[in-house]
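Undergrad: The structure that follows is given in the form of structure tokens.
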Amino acid sequence: MTNNSGVLLALLSGAVIGAGVGILYAPDEGKKTRKRIKRKVEDTSHEISERLAHAKDELTKSANEQKDKFEVKLEDAISTMSYKADDIIATLERKLEDLRKKNAQLHK
């Protein structure tokens, strides 16, 4: 996202500079030129704000989707480990019982 925002900022900066240079070289009165520059700056500022808000929303949405996917995978992993742990415990209990029986036979 950082690379895209850098490109977006560069494009918008270029557009603002280009519009400003075009207006300054246009054959208009100074008062009209200043009004046009002010309007262009306001329009561009508004557009940049909208694009940044949209980018923020998209980033938040993507982060939330990734978080949800991670939580599902984590739950699956924990569930799988739980079943494996139960299997290991059951096997160890059987082995312990076998050892107890062998130990009881040795003590007879």
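What follows draws every value from the coordinates through simple rules; no lab data is involved. Since this is a predicted model, take the numbers as computed values, not measurements. Backbone-built Cβ (ideal geometry, glycine too); neighbour counts: all protein chains shown.
Undergrad: Using only the alpha-carbon atoms, how far is helix 30-107 inclined from the longest principal axis of the chain? Give it as 0 to 90 degrees, nearest 10.
TA: So the inclination is approximately 0 degrees.
Undergrad: I would also like to ask the following. With just the Cα atoms defining each centre, how far is region 92-108 from region 63-91? Give it in Å.
TA: First find each Cα centre; the distance between them is then 34 Å.
Undergrad: Could you check the spin-label model distance between Asp87 and Thr44? Points 7 Å from the Cα along Cα→Cβ, value in nm.
TA: Roughly 6.4 nm, to one decimal.
Undergrad: Further, regarding this structure: Fully extended, how many nm does the chain gain between Ala53 and Glu29 (0.36 nm per residue separation, minus their Cα-Cα distance)?
TA: Stretched out fully, the Ala53 to Glu29 stretch lengthens by 5.0 nm.
Undergrad: Same structure again: Quote the Stokes-Einstein diffusion coefficient, in whole µm² s⁻¹, for the chain, based on the Kirkwood radius over alpha carbon pairs, a temperature of 20 °C and a viscosity of 1.002 mPa s.
TA: Answer, rounded: 105 µm²/s.
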